[in-house]
1. Which of (1) modelled with pLDDT under 85; (2) in a loop (DSSP other than H, G, I, E, B) does Gln122 not meet, given it meets every other one?
2. List every residue pair whose Cβ atoms sit under 6 Å apart, with the two residues 6 or more apart in sequence or on different chains, where the first one lies in the stretch 93-109 and is without any contact (Cβ under 8 Å) to a residue 12 or more places away in the chain and the second, anywhere, is surrounded by 15 or more Cβ atoms within 10 Å (Cβ to Cβ) and in a strand (DSSP E or B).
3. Tell me yes or no: at least one residue of the stretch 101-111 is modelled with pLDDT under 90, outside any loop (DSSP other than H, G, I, E, B) and not β-branched (Val, Ile, Thr).
4. How many residues, within the stretch 42-94, are of a type in the set (Ser, Thr, Tyr) and assigned to a strand (DSSP E or B)?
5. Check Leu67 against each of (1) in contact with a Ser or Thr (Cβ under 8 Å, 6 or more places away or on another chain); (2) crowded, with 17+ Cβ neighbours inside 10 Å; (3) modelled with pLDDT under 95 and name the one condition it does not meet.
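The values are calculated or read from the model by the stated rules, or taken from the named source; none is laboratory data. Everything quoted here is computed from the prediction, not taken from an experiment. So basically every Cβ, Gly included, is an ideal-geometry build from the backbone, and we count neighbours across all protein chains shown.
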Amino acid sequence: MIRDKFLAVISIACVCFVASSLNAATIPAGTTLTVSTVSLVTAQSVVGRSFEAKIAQDVSVKGNVVLRAGTKAFGKITSSRANSRKSGPLTAELASIDVNGRRIPVKTSSVQPAGPPQTARQAHYGHTAGTTVVNPGSRMQFQLLQPVTL
């Protein structure tokens, strides 16, 4: 009797593992993820601050959609002008994606959103003509540096 229960538990565990493996998908490194920002990001944002975004278009692997448009994503500021001693241009990375209630970490390339135009003199001295602002709804493209298993 105990042997039968043990076999039943092992069988159920195996079936659950196989079912989860069939639903798992891997997005290869090099895939471009286009996101639309939900929160405001500026060049004065503190390094390490996170921002919310949404996947802007479906991501397919081998003809199957593995990441739907509208999926929540979160990025982080990697460089900004917030620290006067160590300021730099605004750059951001995608940090994670929410899939089925799980936050999955991702490693992506950095993106430097385009800022306002500069005069030749400002560009020569490394100054910008204003603060870079990324409004909600702005699109940014990140490239995966490592594969992601969903």
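1. Failed condition: (2).
2. Partner pairs satisfying both residue conditions: Pro105/Ser96.
3. no
4. Step one: list which residues in the stretch 42-94 are of a type in the set (Ser, Thr, Tyr), which gives 42, 45, 50, 60, 71, 78-80, 84, 87, 91.
Checking which are assigned to a strand (DSSP E or B) leaves us with 42, 50, 60, 78-79, 91.
Of the residues in the stretch 42-94, 6 are of a type in the set (Ser, Thr, Tyr) and assigned to a strand (DSSP E or B).
5. Unmet condition: (1).
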